[in-house]
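S.K.: Following this message is one structure expressed as C-alpha cells.
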Amino acid sequence: MYPDRVVSGMRPTGSMHLGHYHGALKNWIKMQTELPCLFFVADWHALTTHYDDPTIIERSTWEMLVDWLAAGLDPSQSTLFIQSRVPEHAELHLLLSMATPLGWLERVPTYKDQIENLANKDLATYGFLGYPLLQAADVLIYRASQVPVGDDQVPHIEMMREIARRFNHLYGKEKGFEEKAQDAVKKLGSKRAKLYNELRTDYQQHGKDDALEQAKAMLDDAQSLSMIDRERLFGYLEGSRKLILVEPQARLTVASRLPGLDGRKMSKSYGNAIALREDKESVTKKVRTMPTDPARVRRTDPGDPARCPVWQLHEVYSDAATREWVVQGCKSAGIGCIECKQPVIDAIIKEQEPMHERAQQYLDDPSLVRAIVADGNDVARKLALETMRDVREAMGLAYS
Ligand code: TRP
Ligand code: SF4
C-alpha cells in the first residue's frame with residue numbers, strides 16, 4: 001500500500017576508504033537506479049559515541065558527502081540529506097520510546113559488544129542505549145521497505161520490524177484486519193451479524209452516531225465473542241484505521257569484503273586503509289609495502305597466496321586469468337611480489353580515477369554540496385512530515 005522506498009545512513013567518520021566503498025556505497029549506487037532512495041549522514045548517531053568531541057562532526061559530514069558524490073551517488077537519482085536537518089527523526093524517536101521495552105534495547109548484540117570494545121568511553125548513556133531506536137525512527141519515518149546494511153546491522157533491522165509491528169498493533173490496524181473482522185462478524189450469528197453490518201453502514205456512510213452507539217451496545221452484550229474479536233469489531237465499526245508504519249526488510253550488501261593492507265578488516269583505526277580518493281603515488285607506495293607471505297624471504301622462495309593479504313585484493317580486483325597467473329607464479333616463485341602487486345595497484349587507480357574527477361567540482365565549489373543537501377533535506381522533511389501527521393494523530397497528538 002505504501003510505495004517501495006530505500007533508506008540508509010552512515011555515521012560521519014571523516015573521509016571514507018575503499019572498504020566503505022566495497023562494503024556499502026557500491027550497493028547504494030546500484031540501488032539508486034532501481035528504487036527511490038534516501039541516504040543520510042547519521043550525525044546524531046555519531047554523537048552517541050563521540051559526544052565528548054563534537055568538533056569533528058561537521059567537517060566529517062561534509063567530507064563524507066563529497067566522498068558519496070565522488071563514488072557515484074547521484075543527487076538526481078537519490079535524496080541525500082543530513083539526519084539532524086530533519087528534526088522529526090528525533091520526535092519519532094521520542095514517541096517510539098514511550099512503548100519500547102528496555103529489554104529490546106538491552107538485548108541488541110551491538111550494545112554489549114560496543115560497550116566492551118570501547119571500554120575507554122563511558123557508553124552507559126541514555127543516548128547510546130537508544131542508538132537502535134533512533135535508527136528505527138530514521139527508517140520508519142520514511143516508511144522504507146528496504147534498508148541496505150551490512151550483516152552487523154541485521155539485529156537493528158529486526159528490532160525496527162518489532163517496533164513497527166508494536167506501533168501498528170497499539171495504534172493502527174493489524175495486517176489482514178479486514179478478513180479477521182469479517183470472520184468475527186460471522187461469529188455473531190446470522191441475525192446479529194446482519195444488524196451489525198446495517199448499523200456499520202449507517203454509521204460509516206450516513207454518519208448516524210446513534211447507529212454506532214447501538215452497535216457498540218450490541219457488542220457488549222454478545223457473550224460468544226472473544227476479547228480480541230470484540231476489539232476487532234469495535235475497530236471495524238469505525239473502519240478507517242490503517243497500517244501506520246511499514247516493517248522494513250534488510251537488504252544485505254552483497255559486497256565483497258575488502259581487506260586492509262595487513263589482511264585485517266580495512267579500518268582507519270588500524271592504519272591499514274586506502275582512502276577513497278587517495279592519490280596515485282600514495283596508493284602505489286601503500287600496496288608496494290604491503291606484507292606478503294612470510295615464506296617468501298628471497299625472490300626464489302615459493303609462497304602460498306592463501307597466506308598473503310595481497311591475494312585477498314586480487315580476489316576483489318583481478319579477473320580469473322590474472323588470479324591464475326598469481327597462483328602459478330607465487331607457488332613456483334615464477335613471479336616476484338612487486339610484480340604480483342602491480343595489477344592490484346593498476347586496478348585500484350583505475351577504480352579511483354572517475355572518483356577523483358567527480359570530486360573535483362565539489363572541491364572547487366563546496367557550495368554545490370551545500371545546495372544538494374539543502375534540496376535533499378527539504379525532500380526528506382516533506383516525506384517525514386507525512387508520516388508524522390499520521391503518527392501524531394494515532395497517538396492522540398493531532399490537536400487540529
Ligand atoms: N547504524 C548504522 C551504522 O553504524 C548507521 C545508521 C544510522 C543507519 N541510522 C541508520 C543505517 C538507518 C541504516 C538505516 O552503519
Ligand atoms: Fe603474495 Fe603475490 Fe607475493 Fe605470492 S607473489 S606472496 S600472492 S604478493
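S.K.: Just to be sure I understand the model, the point goes 7 Å from the Cα along the line to the Cβ. What's the resulting Ile338 to Arg370 distance in nm?
M.R.: Here the modelled spin labels are 4.8 nm apart.
S.K.: Excluding residues on the same chain fewer than 8 positions from Lys180, give the aspartates and glutamates whose Cα lies under 17 Å from its Cα.
M.R.: Output for Lys180: Asp229, Glu231, Glu238.
S.K.: I'd like to check one number: the per residue accessible area of the chain, probe 1.4 Å, reported in Å² as a whole number. Kindly include the intermediate steps, with their values, before the conclusion.
M.R.: On the way: 20420 Å² over 400 residues.
Value for the chain: 51 Å² per residue.
S.K.: If you don't mind, another one. Test of understanding: express the Cα radius of gyration of the stretch 162-293 as a ratio to 2.2 N^0.38 Å, with N the residue count.
M.R.: 2.15
S.K.: Between beta-carbons, use under 15 Å as the cut-off and find the net charge around Arg85, counting Lys and Arg +1, Asp and Glu -1. Each step should come with its number before you reach the end.
M.R.: Values: positive: Arg370, Arg381, Lys382; negative: Asp43, Glu58, Glu88, Glu91, Asp138, Asp375, Asp378.
Neighbour charge sum, excluding Arg85 itself: -4.
S.K.: Now for a separate question. Counting pairs of alpha carbon atoms under 8 Å apart in space and at least six apart in sequence, what relative contact order in percent does the chain give?
M.R.: Once divided by the residue count of the chain, the mean separation gives 23 percent.
S.K.: Follow-up question, since we're still on this one. Considering the options Thr201, Leu188, Met218, tell which one lies farthest towards the positive end of the dipole of the stretch 177-238, charges being +1 on Lys and Arg and -1 on Asp and Glu at the Cβ, about the Cα centre.
M.R.: Toward the positive end, the furthest listed residue is Leu188.
S.K.: What Kirkwood hydrodynamic radius, in Å, does the stretch 261-400 give when the mean of 1/r is taken over all pairs of distinct Cα atoms and then inverted?
M.R.: Result for the stretch 261-400, one decimal place: 18.9 Å.
S.K.: Ok, one more. Which percent, nearest 5, of DSSP beta bridges in the chain are antiparallel?
M.R.: In the chain, approximately 10 percent of DSSP beta bridges are antiparallel ones.
S.K.: Summarise the accessible area of the chain (1.4 Å probe, protein heavy atoms) by the percent that is carbon and sulfur.
M.R.: Carbon and sulfur: 52 percent of the exposed surface of the chain.
S.K.: Tell me the label-point distance for the pair Glu179, Glu162, using the 7 Å Cα-to-Cβ offset, in nm and rounded to one decimal.
M.R.: Each label point lies 7 Å from its Cα, and together they span 2.7 nm.
S.K.: Oh, and also: Magnitude of the Cβ-charge dipole of the stretch 177-238, K/R +1 and D/E -1, about the Cα centre, nearest 20 debye?
M.R.: Once rounded to the nearest 20, the dipole reads 280 debye.
S.K.: With 32 Å as the limit, write out which pairs from Lys268/Lys382; Lys194/Lys382; Lys112/Lys286; Lys112/Lys265; Lys265/Lys382 have Cα-Cα distances beyond it, or answer none.
M.R.: Flagged as over cut-off: Lys268/Lys382; Lys194/Lys382; Lys112/Lys286; Lys265/Lys382.
S.K.: On a 1.4 Å probe surface of the protein chains, which of Leu383, Leu47, Leu134 comes out largest in accessible area, and what is the full order?
M.R.: Numbers: Leu383 35, Leu47 65, Leu134 15 Å².
I get Leu47, Leu383, Leu134, largest accessible area first.
S.K.: Which residues does the label zone of Leu118 cover in the stretch 45-81, counting backbone N under 20 Å from a point 7 Å along Cα→Cβ?
M.R.: 45-65
S.K.: Once label points are set 7 Å from the Cα along Cα→Cβ at both Ser224 and Gln360, what is their separation, rounded to one decimal in nm?
M.R.: 8.0
S.K.: Then there's this: Identify which of Asp202, Asp378, Asp67 has the largest mean-square fluctuation in a Gaussian network model of the chain, with springs joining Cα atoms closer than 10 Å.
M.R.: With Cα springs under 10 Å in the chain, the top fluctuation among Asp202, Asp378, Asp67 is at Asp202.
S.K.: Okay, moving on. For Lys265, which sequence-distant residues (separation of 5 or more, or a different chain) have an amide H within less than 5 Å of its own amide H, given hydrogens modelled in the peptide plane?
M.R.: Residues meeting the amide H criterion: Gly260.
S.K.: While we're on this one: Determine the dipole magnitude for the stretch 312-387: charges of +1 sit on the beta-carbon of Lys and Arg, -1 on that of Asp and Glu, nothing else is charged, the reference point is the Cα centre, and the result goes in debye to the nearest 20.
M.R.: About 220 debye.
S.K.: I've got another one for you. Please state, as a whole number in µm²/s, the translational diffusion coefficient that the Stokes-Einstein equation yields for the chain at 10 °C and 1.306 mPa s, with Rh defined as the Kirkwood radius across alpha carbon pairs.
M.R.: Estimated via Stokes-Einstein, D reaches 64 µm²/s.
S.K.: While we're here: Determine which aspartates and glutamates satisfy two conditions relative to Lys30: a Cα distance under 20 Å, and not lying fewer than 8 residues away in the same chain.
M.R.: Lys30 reaches Asp4, Asp67, Asp74, Asp151, Glu351, Glu353, Glu357.
S.K.: Follow-up. To the nearest 20 debye, what is the magnitude of the charge dipole of the stretch 18-67 about its Cα centre, counting +1 on the Cβ of each Lys and Arg and -1 on the Cβ of each Asp and Glu?
M.R.: About 280 debye.
S.K.: Also: Would you kindly calculate the mean projected area, averaged across all directions, of the convex hull enclosing the Cα atoms of the stretch 177-238, in square nanometres? List each step's numbers first, then the result.
M.R.: On the way: hull surface 14.3 nm².
That works out to 3.6 nm².
The values are calculated or read from the model by the stated rules, or taken from the named source; none is laboratory data. Nothing here was measured: the structure is a model prediction, and the numbers come from that model. No Cβ is skipped: glycine too gets one built from the backbone with ideal geometry, and neighbour counts run over all protein chains shown. All accessible areas refer to the heavy atoms of the entire protein, side chains included, with ligands and DNA or RNA removed. Shrake-Rupley method; radii C 1.70, N 1.55, O 1.52, S 1.80 Å.
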